[in-house]
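J.: So that we are looking at the same thing, I have put the structure below in structure tokens.
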Amino acid sequence: MGSLFSQKLVRCSQHEFIAWARSNRVTTVASSPAGLMEYKALRYIFPAVLVIGSEKSGLSDQLLETVDFVVRIPMYGECDSINAAVASGVLLFEMASQRVIQSL
């Protein structure tokens with residue numbers, strides 16, 4: 001409870017973020033319904049950062065073009081999207097699972 005308040009947060013531009021990620025060899029993974037790869041198909045490379053957009057507008061085209069990977073969560077039936085917090089949880093769980101497996 002309250003673990004968010006123990007984290008260091010930085011506000012920066014998209015350009016500064018991508019420059020930081022590249023200079024620190026951090027893999028950038030974005031989530032979008034338009035992603036070409038399902039999230040479980042990607043073998044995540046660590047360290048990695050997950051980029052999630054707003055529920056209303058998603059991520060900018062500019063940011064989607066500069067990240068290393070764009071993944072999607074498959075939707076079935078008539079549902080076309082899920083809450084950003086839920087999507088984050090699904091994707092972070094997969095990333096954490098793969099990180100544990102890769103460390104064995």
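J.: Would you be so kind as to identify which of 50, 24, 82 lies farthest towards the positive end of the dipole of the chain, taking Lys and Arg as +1 and Asp and Glu as -1 on Cβ and the Cα centre as origin?
T.: Looking along the dipole axis, the top candidate is 24.
J.: Hey, another quick one. Find which of 71, 37, 10 sits farthest along the positive direction of the dipole of the chain, computed with +1 on the beta-carbon of Lys and Arg, -1 on that of Asp and Glu, about the Cα centre.
T.: 10
J.: Contact order normalised by length for region 1-81, with contacts defined as Cα pairs under 8 Å and 6 or more residues apart; what percent is it?
T.: The value is 38 percent.
J.: Please state, to two decimals, what the Cα-based radius of gyration of the chain comes to when divided by 2.2 N^0.38 Å (N = residues).
T.: That works out to 1.10 for the chain.
J.: Quick check: from the Cα gyration tensor, does region 1-61 come out rounded (a/c under 1.5), prolate or oblate?
T.: Numbers: a/c = 1.37, a/b = 1.26, b/c = 1.09.
The shape class here is rounded.
Every read-out reported here was derived from the displayed coordinates using simple, explicitly stated rules and does not represent laboratory data. Treat the numbers as computed from the prediction; the structure is a model and nothing was measured. Don't worry about glycine lacking a Cβ; one is built from the backbone with ideal geometry, like all the others, and counts go over all protein chains shown.
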